[in-house]
Amino acid sequence: MSYDYLVVGAGLFGAIFAHEAALKGKKVKVIEKRDHIAGNIYTKEVEGIQVHEYGAHIFHTSDKEIWDYVNQFAEFNRYTNSPVANYKGEIYNLPFNMNTFNKLWGVVTPAEAQAKIEEQKAILGGKTPENLEEQAISLVGTDIYEKLIKDYTEKQWGKACTELPAFIIRRLPVRLTYDNNYFNDTYHGIPIGGYTQIVEKMLDHDNIDVETGVDFFAHKEEYLATYPKIVFTGMIDEFFDYELGELEYRSLRFETETLDMENYQGNAVVNYTDAKTPYTRIIEHKHFEYGKQPKTIITKEHSKTWEKGDEPYYPVNNDRNNHLYKAYKAKAEEQGNVIFGGRLGQYRYYDMHQVIAAALQCVRKELGY
Ligand code: FAD
Ligand code: UDP
């Protein structure tokens, strides 16, 4: 069979590209270096519980088109993410909202909370925030920064908050309402039966062939010579053999345990925001789907520096890396027959809904519809 496309990576970006191209009659080969499809959204059933093998994934979007698109492949439950923070045994609601401000300062009204934040952010002297520390203080003041942000962020990224970009903390809503919903989006949920089925259904076409356990770099030259077009969703700097320098990534180590108890922590996500606890958060998977199983499965998430051979979970989008990425992007444009997509191919801190939007835009441009 001669193919129109080789898709490298069976994550969300690659699967959407392959699915849409197959619907348009194209023949697609998908290769994936892991021994399973679905990339980082892969979930696996253990003890009747859907385990998020690569970290907690909550779907959220305000875009009706994206929501309808993903609902073709799974039915979603009504899960709303409301993580809590554990700071040395004290529990605070996230994201930062009236429940957090009340517990911390005893304030009751939005005006009182606002006044407290204004008082604390005065130390910035009206300066426009230039890094994560300044951005955090400007949004929520120094107390929350010290207890709930500083150490968590430094564990997560392995860098001082003064060296990190402000946009990372702007991912989190700050609200003067008693609302513990982590996201502002209109549509939320967890797919009933897990995420893997979404990618399975996307790839289920007669004109798509999928091979797992195959690394693109083992046969790079052959692939480039054989396939008319390649969609590459791995690391863009690795594609070019790091010739302009190495981009930085953050990796994770997941420590998963099955416990002989029904309910370990009473919530799907608990963040440990102190410096001493070695992990950033504990996920209790059953709570994503209101599970009543007799056992429970928890995962401690440890953040670590990425080294060659580790999974590159997060791009580190600071100025140095964004600048280097731009240089790789320019090389990618010269490459002609390779499209770079997804979190690693485009070196962006994309959430799932953003990957879907980017993949749809890419495939529509490519196939002209
Ligand atoms: P990936 O899922 O990384 O897929 C790329 C695939 O390419 C991988 O399977 C990889 O093995 C394969 N590959 C790479 N190189 C090669 C090669 N050389 N040869 C063959 N195959 C290769 N998003 C949300 O919306 N909500 C959340 O709650 C959320 N939580 C997250 C939590 C964590 C810990 C992480 C890391 C991410 C989270 N995300 C979340 C983001 C979400 O995982 C991504 O947006 C999405 O999975 C990216 O899809 P992708 O296809 O770009 O990348
Ligand atoms: N963050 C924090 N304290 C928390 C949760 C998040 O300081 O309890 C900061 C941290 O810098 C993190 C960023 O907010 O990197 C974005 O958090 P999010 O939960 O979106 O991160 P992700 O799920 O992508 O790891």
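No lab work stands behind these numbers, since they all come straight from the coordinates. This is a predicted model, so every value here is computed, not measured. Reconstructed Cβ throughout: ideal geometry from the backbone, glycine too, with neighbour counts over all protein chains shown.
Under a straight-distance cross-link criterion of Cα-Cα below 20 Å, which aspartates and glutamates are reachable from Lys308, leaving out those fewer than 8 residues away in the same chain?
Partners found: Glu32, Asp35, Asp215, Asp237, Glu238, Asp241, Glu243, Glu246, Glu248.
Run the dipole for region 133-266 about the Cα centre, Lys and Arg Cβ at +1, Asp and Glu Cβ at -1, nothing else charged, and hand back the magnitude in debye, nearest 20.
Rounded to the nearest 20 debye, it is 660 debye.
From Cα coordinates alone, what are the radius of gyration and Dmax values for the chain in angstrom?
Just the Cα atoms of the chain yield Rg and Dmax of 21.7, 68 Å.
Tell me, what is the percent relative contact order of the chain, built from C-alpha pairs under 8 Å that lie six or more residues apart?
26
What whole number of Å gives the distance from the Cα centroid of region 306-369 to the Cα centroid of region 155-170?
21
Putting +1 on Lys and Arg Cβ atoms and -1 on Asp and Glu Cβ atoms, find which of Tyr5, Gly336, Phe73 reaches farthest to the positive end of the dipole of the chain.
So the residue furthest toward the plus end is Phe73.
Filter Lys44/Lys300; Lys24/Lys44; Lys201/Lys304; Lys103/Lys150; Lys127/Lys155 down to the pairs with a C-alpha to C-alpha distance above 22 Å, please.
Lys24/Lys44; Lys201/Lys304; Lys127/Lys155
At a 10 angstrom cut-off on C-beta neighbours, averaged per residue, how do the peptides 97-103, 291-297 rank from highest to lowest?
In decreasing order of mean packing, 97-103, 291-297 become 97-103, 291-297.
Using 1/(1 + (r/R0)^6) with R0 = 25 angstrom and r between the beta carbons of Asn184 and Phe76, what's the FRET efficiency to the nearest 0.05?
In this case the efficiency is close to 0.90.
Could you tell me the center-to-center distance, by alpha carbons, between region 2-61 and region 228-256 in angstrom?
Centre-to-centre (Cα) distance: 17 Å.
For the ranges 13-20, 51-58, 126-133, what's the packing order if you count other beta-carbon atoms within 10 Å of each residue, average per peptide, and put the highest first?
13-20, 51-58, 126-133
Quote to one decimal, in nm, the extra length available between Lys326 and Val214 on full extension: 0.36 nm per residue of separation minus the C-alpha distance between them.
37.5 nm
Report relative contact order for region 27-137 in percent, whole number only (criteria: Cα-Cα under 8 Å, sequence separation at least 6).
9
Whole angstrom only: what separates the Cα centroid of region 110-137 from the Cα centroid of region 92-108?
16
Net charge near Ile192: determine it from the other residues with C-beta under 10 Å of the C-beta of Ile192, scoring Lys and Arg +1 and Asp and Glu -1.
-2
Pop a pseudo-label 7 angstrom from the Cα along the beta-carbon direction at both Glu307 and His36 and give the gap in nm to one decimal.
Going by the 7 Å Cα→Cβ label model, 2.6 nm.
In the neighborhood of Met235, defined by Cβ-to-Cβ distances under 15 Å, what is the net charge if each Lys or Arg adds +1 and each Asp or Glu adds -1?
Details: positive: Lys33, Arg34, Lys220, Arg250, Lys308, Lys329, Lys331, Arg343, Arg348; negative: Glu32, Asp215, Asp237, Glu238, Asp241, Glu243, Glu246, Glu248, Glu307, Asp310, Glu311.
Around Met235, the charge tally is -2.
For Lys121, give me every one of the aspartates and glutamates with a C-alpha distance below 16 angstrom, ignoring sequence neighbours fewer than eight places off in its own chain.
Counting by Cα, and skipping residues close in sequence, Lys121 has these aspartates and glutamates nearby: Glu112, Glu130, Glu133, Glu134, Asp143, Glu146.
Could you give the dipole magnitude of region 157-231 about its Cα centre, charging the beta-carbon of Lys and Arg +1 and that of Asp and Glu -1, in debye to the nearest 20?
620
Based on Cβ point charges of +1 for Lys and Arg and -1 for Asp and Glu, what charge dipole magnitude is obtained for the chain about its Cα centre, in debye rounded to the nearest 20?
Dipole about the Cα centre, nearest 20: 600 debye.
What number comes out for the charge environment of Leu324, summing +1 per Lys or Arg and -1 per Asp or Glu over other residues with Cβ under 15 Å away? Walk me through the numbers before you get to the answer.
Working: positive: Arg320, Lys326, Lys329, Lys331, Arg348; negative: Asp237, Glu238, Asp241, Glu243, Glu246, Glu248, Asp319.
Around Leu324, the surrounding residues sum to -2.
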